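A.B. asks: Before I ask anything, let me first share the structure, which is written out below as structure tokens.
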2 protein chains.
Amino acid sequence: MNRIYIGDVKNVKLDSVVELCGWVQYVRDFGKVVFFVIKDRTGIIQCYTSTQSEELLELVKKLSIDDVVRVRGTVKRRPEDQINPNMENGDIEIEVEDFEVLNPCAPLPYDVNGEPSEFTKLKYRYVDIRHGELLANLKTRSVVSSVIRNYLSRKGFWEIETPYLTKYTPGGARNFVVPVRQQPGYFYALAESPQIFKQMLMISGVDRYFQFARCFRDEDLRADRQPEFTQVDIEASFVTEEDIYDLVEGMMQELFREVLGVQVETPFPRMTYDEAMSLYGSDKPDLRFQMTIDDYTNSFSTSKFNAFRNVIERGGVVKGLYWNKPLDRSALKVLDQAASGSGNKFLFVSKSANGLLTNGPKSVLTEETWLEDGTYVFAAGDEWDVLPFLGELRLALGEYLGLLDDNEYKFVWVTSRPMFEIAEDGSLQAAHHPFTMPDVTSIDEIRKDPLKVRARAYDIVLNGVEIGGGSIRIHKADLQRVVFEILGLSSEQIEERFGFFLDALSCGAPPHGGIALGFDRLVMLLCGADSLRQVIAFPKTKSGTCPLTGAPARLFASQRQELLPIFKQVVEEGG
Amino acid sequence: MNRIYIGDVKNVKLDSVVELCGWVQYVRDFGKVVFFVIKDRTGIIQCYTSTQSEELLELVKKLSIDDVVRVRGTVKRRPEDQINPNMENGDIEIEVEDFEVLNPCAPLPYDVNGEPSEFTKLKYRYVDIRHGELLANLKTRSVVSSVIRNYLSRKGFWEIETPYLTKYTPGGARNFVVPVRQQPGYFYALAESPQIFKQMLMISGVDRYFQFARCFRDEDLRADRQPEFTQVDIEASFVTEEDIYDLVEGMMQELFREVLGVQVETPFPRMTYDEAMSLYGSDKPDLRFQMTIDDYTNSFSTSKFNAFRNVIERGGVVKGLYWNKPLDRSALKVLDQAASGSGNKFLFVSKSANGLLTNGPKSVLTEETWLEDGTYVFAAGDEWDVLPFLGELRLALGEYLGLLDDNEYKFVWVTSRPMFEIAEDGSLQAAHHPFTMPDVTSIDEIRKDPLKVRARAYDIVLNGVEIGGGSIRIHKADLQRVVFEILGLSSEQIEERFGFFLDALSCGAPPHGGIALGFDRLVMLLCGADSLRQVIAFPKTKSGTCPLTGAPARLFASQRQELLPIFKQVVEEGG
């Protein structure tokens, strides 16, 4: 085949003959000459035919959008008055010598220049990909995976696949289950992550492993979640946090240089979880702007502003944001919107030579002489309510002030998350996961006051989005057992659920740790897309359906015949 | 961390200090000096400590197999009389300065020098990987995937992931199903292959795509099958068979050069399905030896050997293999074994100056004067029974004669398989799959006599093993519809099952085709392994269980609670 890509025509000598394949974009019929533009994944180009060949001319006149064609013709420079500097290949065109409709296209199912519903676009995904930015995003996704893979290979990591049909790990995300026809009553779980297996690989002596792992989670789907997603799973033996930071920072540097031509500075700043919460009100701080949360508890402790003073007297705090310019009512409106639904209230104070603008008691506030010119946003209450609330307002204000630059990339490591947190039912649960190494020197220390213990875990955050997280893992069976006990498991439960894993830890487990990067999210940021669905070829809707294929579906007759007896038995046995 | 790999010590200057991590292999205690060998994924090295440090000496004496240690020490040349040329790093050793047991190892669950059962090895897979050839195979697997990916990227292919949670495609392999908690009565199917999606990507204008796709098939597991396996899935638009052959031949050339240092000759020979069957009695001929099947029907048509003459008179054939040397009874025994169970019989005739050796009627056969010196293996009967039977005997004979060289790599393309075949129930079924382009010029031709139609399909065979297969696909909706009709689907069934796909074909589908390579099998051949389980990190047994994790398992309480009502509803509704 001598076909070349349209994007390569500009590198061909004028008057050469080329063969192109692609989709007709539009046809302009001037009677004795017909122009038509064709497109492939690399670009578009104008072709024309005239009365020199009546037969061709008639054929071309009948073309319509998305007909698939093969064109053979001569590369010509356009007449000077027809050069279109705003169009790709706008200075050249193809004089058609031969031409074939490979497959005519039926009328498209929706107007590609219109605004079809999300459902329609997913149902006819192939039209959407062909006509939108999805095609470029899929290319970027492929490049990103290639850069990451080559980087990790160069660093000595082996790509190893782990099973997707596996066993349910209690305590993790909710798994999908797969009934096993040949063993009625038994089920595979679809892997929610390769956690256990990657640790097994370290125990196996693999030393450095990675995988682009599909993960399956049967979650109640939120706005931007998918029941299956991809994570770049990385694990290494005999490493510390510093090794993981170095590795990932180098990867990001290479990725942003190769994909966006952007130079990312390393090392990335680091921040403990506590610092991130108190300064930014978030465990994923957006560092593209430096506005931080300050403490104003002292300033208001003797204030005549009762609402705040009362909170303080009850043991609460007053925290606030400050911007060194006065702002007007439109800023207040933006903050009001951001706060709505949270149940929290804020106090807006904009001070200038012209006086105070506030949503609070102006007369009282004028007595707060320590207020400087500029704008304050205060909130009062329990510290762990106030901080995330101000974190939200900070982002709203940042956006309002135009401080969120799409072309700026600010990474930060957030470390030292608490090891345990209190679940809704009052029990302790693992904040990261139960395999995370606690930052303690002895087992006694973790037993004494688990809630005080920090995890040797780290998240990597880019522009306020968590793109990955990991930890140093527990590699000793006795410590792992204690963590399970703290999580409330009995000896029998530990043995039943994790016995095989504790056996493995006892059998030559090296110290190890790793990280998992959210591949879909990373690609989304690199593409500048605003939804995961823009970087996944065939995504599902929020309700988990695929409008293209109609999945999920009812069972087919043959499946019913084989599976109903199994389901029946499961129901009768009570599982 | 300053740790280096053991394999890199030989590149370090003598008397340098290095830090190594690894597993203790064995300890030799000479009282005042103790030697111990440690291992990581790159190699082994001997370390020693002596009475210079009593404390270290005492620690080292307590080491046992697979203790995980960190060693700091000086690289020394061994005394001349202690150099071991048969051991890796046999000329150097490490004088230990500092030493730490990172994790002591419990007694191993089985004797790694013994012969544990397959089940035991799978249960303690991490021990098996660490101590066997699996570690090297996993590395090779990673290298193979990297070479393939880089090759395809260079050729302009984009790596794109397609969904694993999708819709059942009737007529394909049996799918696993996944109940959807949020839509009781509805199920995802686990993708058996990305067939529909890769075609959708072509229709989307992606032009060149590949994927290392996990495929899930709920099959009755045969000796060397896994419920999930990996295929290198490749698809391209505007291509013919020649483009696919070129692409794959170039890939194999690169792969065998990079991984084995073997130069593979291209182009690969090609053979139609009919040729392969008549010459080699197999659709995956092993071309490492050239013995072919010949027709002896004429020779026996007037023979006094009634058994054969009668077959011929009833319309059967006599086919045979020939080897130009006489063979003895041990060859006959090998062939007997290969034939046992097949129900077919063969006639062995070895002729030499010393007379005839045969399992047939010697007196009759001496009258067959056309027999030359050497050995014949004949079989008579219906052509399509005789050919595969002789194909089996050919392989047995080839192995017996030592003609199957493990270091020889003979590729062949087998093309032009029949489009349809007759299923057990008498209906027509697709021999490759229903999306394969038939080799016809008109739709009428395929309707008239479907069984005569050949598919534009091709398999790639290496040393008698099918490592991949593919086809040019149907890209026009009308032809696709006719194929579905020939397969016995009603209009309603076509619409219900494949309506969305026919819509897509009508909407700008380019001509396209591709191939899927069995990645596990390819790696197996490149590793010289004799089982898929030797190249998969965590395989399942023949009954689909994972002895390591205990999958599949019964439902957990929380799962029962959520899933039983769903199963109940499905059972009540009859699916």
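The values are calculated or read from the model by the stated rules, or taken from the named source; none is laboratory data. What you are looking at is a predicted structure, and each value in this text was computed from that prediction instead of being measured. Positions of Cβ are generated from backbone atoms using ideal geometry, with glycine treated the same way; all protein chains shown enter the neighbour counts. The protein model used for the area step is the full one, side chains on, heavy atoms only, and it has no ligands, DNA or RNA in it. Shrake-Rupley method; radii C 1.70, N 1.55, O 1.52, S 1.80 Å.
A.B. asks: Given an 8 Å cut-off on Cα distances and at least 6 residues of separation, report the relative contact order of chain B as a percent.
C.D. replies: The normalised contact order for chain B reaches 13 percent.
A.B. asks: Quick one: order A:454, B:77 from most to least accessible surface, probe 1.4 Å. Display every interim value, and only then the final one.
C.D. replies: Numbers: A:454 70, B:77 115 Å².
Per-residue accessible area, sorted high to low, gives B:77, A:454.
A.B. asks: Moving to a separate point now. Rounded to whole Å, give me the distance from the Cα center of region B:480-553 to that of region B:188-250.
C.D. replies: 7
A.B. asks: First check a/c for region A:289-404, with a ≥ b ≥ c the square roots of the eigenvalues of its C-alpha gyration tensor; if it is under 1.5, answer rounded, and if not, answer prolate when a/b is larger than b/c or oblate otherwise.
C.D. replies: Here region A:289-404 falls in the oblate category.
A.B. asks: I would also like to ask the following. What does the accessible area per residue of chain A come to in Å², with a 1.4 Å probe and no ligands, DNA or RNA counted? Each step should come with its number before you reach the end.
C.D. replies: Values: 24070 Å² over 575 residues.
Heavy-atom accessible area per residue stands at 42 Å².
A.B. asks: Leaving ligands, DNA and RNA out of it, report the carbon-plus-sulfur percent of the accessible area of region A:403-539 at a 1.4 Å probe.
C.D. replies: Details: 2250 of 5220 Å².
Whole-percent figure for carbon plus sulfur exposure: 43.
A.B. asks: Another one. In nm, give the distance between the simple-model label positions of residue A:242 and residue B:314, each being 7 Å from the Cα along the Cα-to-Cβ direction.
C.D. replies: 8.3
A.B. asks: Once the dipole of region A:289-404 is set up with Lys and Arg at +1 and Asp and Glu at -1 on Cβ about the Cα centre, which of A:387, A:299, A:365 lies farthest towards its positive end?
C.D. replies: A:365
A.B. asks: Then there is this: Quick one: Cα centre-to-centre distance for region A:328-403 and region B:425-461, in angstrom?
C.D. replies: Taking the Cα centre of region B:425-461 as reference, the centre of region A:328-403 is 72 Å away.
A.B. asks: Something else now. Just add up the charged neighbours of residue A:157: K/R +1, D/E -1, any other residue whose Cβ is under 15 Å from the Cβ of residue A:157. List each step's numbers first, then the result.
C.D. replies: Numbers: positive: A:149, A:154, A:155, A:198, A:208, B:41, B:139, B:141, B:149; negative: A:159, A:161, A:207, A:233, A:235, A:243, A:246, A:254, B:40.
Around residue A:157, the charge tally is 0.
A.B. asks: Continuing with the same structure: Can you send over the carbon and sulfur percentage of the accessible area for region A:214-357, probe radius 1.4 Å, protein chains only?
C.D. replies: 46
A.B. asks: Whose amide H sits under 5 Å from the amide H of residue B:47, counting only residues 5 or more places off or on another chain, with H placed in the peptide plane?
C.D. replies: B:36, B:37, B:38, B:94
A.B. asks: Checking the a/c ratio against 1.5 first, then a/b against b/c, what shape does the Cα gyration tensor give for region B:6-103?
C.D. replies: Since a/c stays below 1.5, the shape of region B:6-103 is classed as rounded.
A.B. asks: If the cut-off is 13 Å between C-alpha atoms, which aspartates and glutamates fall inside it for residue A:325, apart from same-chain ones fewer than 8 positions away?
C.D. replies: Counting by Cα, and skipping residues close in sequence, residue A:325 has these aspartates and glutamates nearby: A:372, A:373.
A.B. asks: Using the beta-carbon distance between residue B:257 and residue A:329 and R0 = 56 Å, what value does 1/(1 + (r/R0)^6) give for FRET efficiency, to the nearest 0.05?
C.D. replies: The calculated FRET efficiency here is 0.20.
A.B. asks: OK, next. Just name one of B:504, B:413, B:433: the one whose Cα is farthest towards the positive end of the charge dipole of region B:407-528 (beta-carbon charges, Lys/Arg +1, Asp/Glu -1).
C.D. replies: B:413
A.B. asks: Here is a further query. In Å², nearest 100, what accessible area do chains A and B bury in total when the solvent probe is 1.4 Å?
C.D. replies: Counting protein atoms only, the buried area is about 11100 Å².
A.B. asks: What full-extension length gain, to one decimal in nm, is calculated for residue B:92 and residue B:431 as 0.36 nm per residue of separation minus the Cα-Cα distance?
C.D. replies: Here the segment from residue B:92 to residue B:431 would lengthen by 116.0 nm.
A.B. asks: I would also like to ask the following. Using the Karplus curve 6.51 cos²θ - 1.76 cosθ + 1.60 with θ = phi - 60°, work out ³J(HN,Hα) for each residue of region B:93-101 in order, rounded to whole Hz, and write x for Gly and Pro.
C.D. replies: Result, rounded to whole Hz: 7, 10, 8, 6, 9, 8, 7, 8, 8.
A.B. asks: Mind listing P(r) for region B:229-320? All alpha-carbon pairs, 5 Å bins, whole percents.
C.D. replies: Binned Cα distances yield the sequence 2, 11, 13, 13, 16, 13, 8, 5, 6, 8, 4, 1.
A.B. asks: Also, I was wondering about something else. By average Cβ neighbour count within 10 Å, what is the ranking of B:330-337, A:164-171, B:318-325 from highest down?
C.D. replies: The most tightly packed comes first, giving A:164-171, B:318-325, B:330-337.
A.B. asks: Taking a point 7 Å out from Cα toward Cβ as the label site, list the nm distances between residue B:301 and the same residue in every other copy, smallest first.
C.D. replies: Label-point distances to the other copies, shortest first: 11.6 nm.
A.B. asks: Now, a different point. Helix-derived [θ] at 222 nm for chain B: sum -39500 (n - 2.57) over DSSP H runs of at least 4, divide by residue count, nearest 500?
C.D. replies: Calculated mean residue ellipticity at 222 nm is -9500 deg cm²/dmol.
A.B. asks: Over 51 Å, how big is the tail of the calculated P(r) for the protein assembly as shown, in percent of all Cα pairs? Walk me through the numbers before you get to the answer.
C.D. replies: Numbers: 248065 of 660675 pairs.
Result: 38 percent of Cα pairs exceed 51 Å.
A.B. asks: Where in region B:402-438 are there GluC sites (Glu not before Pro) that are in a DSSP coil and have at most 13 other Cβ atoms within 10 angstrom of their Cβ? Before the final figure, lay out each step's value.
C.D. replies: Working: sites: B:408, B:421, B:424; in loops: B:408, B:424.
Here the sparse-neighbourhood loop sites are B:408, B:424.
A.B. asks: Let me ask something additional. Sequence neighbours fewer than 8 away in the same chain don't count; with that in mind, list the aspartates and glutamates whose C-alpha is under 13 Å from residue B:121.
C.D. replies: Counting by Cα, and skipping residues close in sequence, residue B:121 has these aspartates and glutamates nearby: B:111, B:133.
A.B. asks: Let's test the formula: R0 of 60 Å, r as the Cβ-Cβ distance of residue A:183 and residue A:372. What FRET efficiency results, to the nearest 0.05?
C.D. replies: Values: r = 72 Å, r/R0 = 1.20.
Efficiency at R0 = 60 Å is approximately 0.25.
A.B. asks: Rounded if a/c is under 1.5, else prolate if a/b beats b/c, else oblate: with a ≥ b ≥ c from the C-alpha gyration tensor eigenvalues square-rooted, which is chain A?
C.D. replies: Here chain A falls in the oblate category.
A.B. asks: Same structure, new question: Please give every one of the aspartates and glutamates within straight-line cross-link reach of residue B:167, meaning a C-alpha to C-alpha distance under 14 Å, and leave out same-chain neighbours fewer than 8 residues apart.
C.D. replies: Straight-line reach from residue B:167, under 14 Å: B:192, B:496.
A.B. asks: Write out the trypsin sites (Lys or Arg not before Pro) in region B:195-292 meeting two conditions: DSSP loop, and at most 10 other Cβ atoms within 10 Å of their Cβ.
C.D. replies: B:222
A.B. asks: Nearest 5 percent is fine: what portion of the DSSP beta bridges confined to chain B is antiparallel?
C.D. replies: About 90 percent, rounded to the nearest 5.
A.B. asks: Any idea of residue B:449's accessible area? Nearest 10 Å², probe 1.4 Å.
C.D. replies: Accessible area, nearest 10 Å²: 60 Å².
A.B. asks: Longer than 24 Å from Cα to Cα, which of B:410/B:542; A:284/A:319; A:284/A:452 are they? Say none if no pair is.
C.D. replies: In this structure, B:410/B:542 lie more than 24 Å apart at Cα.
A.B. asks: Continuing with the same structure: If I take R0 = 51 Å and measure r between the Cβ atoms of residue B:447 and residue A:77 in this structure, what FRET efficiency does the formula 1/(1 + (r/R0)^6) give, to the nearest 0.05?
C.D. replies: 0.50
A.B. asks: Are there chymotrypsin sites (Phe, Trp or Tyr not before Pro) in region A:346-407 that DSSP puts in a loop and that have at most 14 other Cβ atoms within 10 Å, and which ones?
C.D. replies: Passing sites in region A:346-407 are A:370.
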